[in-house]
Every structure is written in structure tokens, then in C-alpha cells.
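What follows is a short report on a single structure.
The values are calculated or read from the model by the stated rules, or taken from the named source; none is laboratory data. Nothing here was measured: the structure is a model prediction, and the numbers come from that model. Here the Cβ positions follow ideal geometry from the backbone for every residue, glycine too, while neighbour counts run over all protein chains shown. Surface accessibility is based on the protein's heavy atoms, side chains included, excluding ligands, DNA and RNA. Shrake-Rupley method; radii C 1.70, N 1.55, O 1.52, S 1.80 Å.
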Amino acid sequence: MVDFLQYVCSNDVDKAVGTIIHTGMQNHRGGYENDCSVIRLAENRYFMIGPTAQQTRSYAWLKDHLPPDGSVVLSDVTSMYTAINVIGPKAQELLSELTDAPLGKQDFTHMTCKEINVGQASGIKAMRLTHSGEDGWILYIPSEVLQYLYYRLLLIINFRCS
């Protein structure tokens with residue numbers, strides 16, 4: 001897997017587990033095929049996020065470039081997750097009301113991903129990554145617990161604003 005991603009990605013993806021690498025993927029003419037973030041979940045397992053509008057195209061392009069020996073398996077897990085951004089000056093305070101995971105900048109650095117429990121929901125991929133300039137997280141939430149987690153976040157926000 002690492003060799004395949006090193007071949008198709010512009011940036012070095014052979015980083016520590018939990019690291020998020022923002023990268024592009026170019027075609028043989030140097031044109032952009034995909035602008036994405038690649039998250040190393042395990043030694044030989046990655047999670048890729050990219051623009052929603054490019055999901056089908058990116059998957060097809062990656063599939064067309066898989067090694068012929070079957071050493072890399074590609075799975076589209078888009079429908080298994082929903083992303084919610086928790087961003088802004090109170091993001092850490094808000095999220096800390098729902099998780100026991102350490103969220104301080106020394107424990108959870110920028111451009112890293114950790115699997116955390118949020119409320120009663122487990123398996124949340126929390127990424128300290130935002131595209132807004134503010135600190136915060138993108139939470140990739142398994143679809144089956146999304147509604148629960150969304151309402152928990154809304155309850156906390158509404159309570160704070162009332």
C-alpha cells in the first residue's frame with residue numbers, strides 16, 4: 001500500500017500512523033487528478049478524503065492505477081461516514097464535553113487523526129484538520145451513530161447559547 005501511494009501521490013505518505021498528509025495526485029502530463037488528504041490509520045492501511053464532487057472520478061482513477069499483482073485493495077467507504085466540522089475558538093471546549101480523549105494541542109497535534117469515542121458513539125475518526133484557518137476537528141462519524149452525535153452537539157450548543 002505504501003509503495004502504491006508513494007507512486008500516485010505528490011507528497012511523501014510514508015509518515016507515522018495517525019498523520020494526515022495533504023497531497024495531490026497528478027497524471028502523466030502533470031495535471032491534477034485529485035486533491036486530497038491521506039490519513040495513515042495503520043502500518044499498511046490508509047483513509048483518503050477528497051472533494052465530494054470528485055468521489056467517483058477519483059476512485060476510478062485510483063482503481064486504474066492499482067498494481068496488477070493485487071497487493072493493494074481499494075474500498076469506497078463514502079456512504080459509511082458523515083463528516084461534521086467542529087471549528088472555532090470554543091471547538092476544544094465543546095468537543096471535550098462529549099469525550100474523555102485528550103484534546104489539548106500537546107496531546108492532539110495539528111494534522112493528526114485519532115479514533116475517539118464521543119458520547120456513546122465509538123469509532124469516530126477525529127482529525128485535527130480544518131480548511132478555515134480556525135483550530136478544530138473534522139469528525140468522520142459512522143453513519144449509524146450520526147443522528148445521535150449530531151443531536152448531542154446541538155444540545156450542548158443550544159444550552160450554551162440560551
Among the residues that make up the stretch 76-88, is at least one of them in contact with a Leu (Cβ under 7 Å, 6 or more places away or on another chain), over 26 Å from residue 55 (Cα atoms) and not charged (D, E, K, R)? no
Verdict on residue 17 being assigned to a loop (DSSP other than H, G, I, E, B) and in contact with a Leu (Cβ under 8 Å, 6 or more places away or on another chain): yes
Quick check on residue 115: is it more than 23 Å from residue 40 (Cβ to Cβ), at pLDDT 90 or above, open to solvent by 40 Å² or more (accessible area, probe 1.4 Å) and not in a loop (DSSP other than H, G, I, E, B)? no
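Consider residue 99 carefully, then state whether it is open to solvent by less than 30 Å² (accessible area, probe 1.4 Å), β-branched (Val, Ile, Thr) and either under 23 Å from residue 20 (Cα atoms) or in a loop (DSSP other than H, G, I, E, B) (or both). If you could, list the steps in order and put the result at the bottom.
Working: open to solvent by less than 30 Å² (accessible area, probe 1.4 Å): yes; β-branched (Val, Ile, Thr): yes; either under 23 Å from residue 20 (Cα atoms) or in a loop (DSSP other than H, G, I, E, B) (or both): yes.
Spelling it out, residue 99 is indeed open to solvent by less than 30 Å² (accessible area, probe 1.4 Å), β-branched (Val, Ile, Thr) and either under 23 Å from residue 20 (Cα atoms) or in a loop (DSSP other than H, G, I, E, B) (or both).
Hey, can you tell me all the residues within the stretch 27-41 that are over 24 Å from residue 82 (Cβ atoms) and either in a strand (DSSP E or B) or small (Gly, Ala, Ser) (or both)?
Let us first name the residues in the stretch 27-41 that are over 24 Å from residue 82 (Cβ atoms), namely 27-33.
Answer for the stretch 27-41, where residues must be over 24 Å from residue 82 (Cβ atoms) and either in a strand (DSSP E or B) or small (Gly, Ala, Ser) (or both): 30, 31, 32, 33.
Table: residues versus (1) at pLDDT below 95; (2) over 27 Å from residue 135 (Cβ atoms); (3) open to solvent by less than 70 Å² (accessible area, probe 1.4 Å).
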{"residue": "34", "(1), (2), (3)": "yes, no, yes"}
{"residue": "40", "(1), (2), (3)": "no, no, yes"}
{"residue": "54", "(1), (2), (3)": "yes, no, yes"}
{"residue": "61", "(1), (2), (3)": "yes, yes, yes"}
{"residue": "83", "(1), (2), (3)": "yes, no, yes"}
{"residue": "86", "(1), (2), (3)": "yes, no, yes"}
{"residue": "89", "(1), (2), (3)": "yes, no, no"}
{"residue": "95", "(1), (2), (3)": "yes, no, yes"}
Residues located in the stretch 62-109, provided they are closer than 16 Å to residue 41 by Cα and not β-branched (Val, Ile, Thr): 74, 75, 76, 81, 108
With the first residue restricted to the stretch 65-89 and required to be within 19 Å of residue 145 (Cα to Cα), and the second required to be part of a loop (DSSP other than H, G, I, E, B) and open to solvent by less than 50 Å² (accessible area, probe 1.4 Å), Cβ contacts under 9 Å at 6 or more apart or on different chains are 85/130
Hey, could you check the stretch 130-146 for residues that are at pLDDT below 90 and either among the hydroxyl-bearing types (Ser, Thr, Tyr) or assigned to a helix (DSSP H, G or I) (or both) and say which is most open to solvent (accessible area, probe 1.4 Å)? 132
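Right, residue 149: in a helix (DSSP H, G or I), buried (at least 20 other Cβ atoms within 10 Å of the Cβ) and aliphatic (A, V, I, L, M) or not? Break it down stepwise before answering.
On the way: in a helix (DSSP H, G or I): yes; buried (at least 20 other Cβ atoms within 10 Å of the Cβ): yes; aliphatic (A, V, I, L, M): yes.
Yes: the conditions hold for residue 149.
Within the stretch 42-52, take every residue that is open to solvent by 50 Å² or more (accessible area, probe 1.4 Å) and part of a loop (DSSP other than H, G, I, E, B) and give me the one that is farthest from residue 4 (Cα to Cα). Steps first, please.
If we filter the stretch 42-52 for residues that are open to solvent by 50 Å² or more (accessible area, probe 1.4 Å), which is where we start, we get 43-45, 48, 51-52.
Now drop any that are not part of a loop (DSSP other than H, G, I, E, B), which leaves 43-44, 51.
Details: 43: 14, 44: 11, 51: 21 Å.
Within the stretch 42-52, the match that is farthest from residue 4 (Cα to Cα) is 51.
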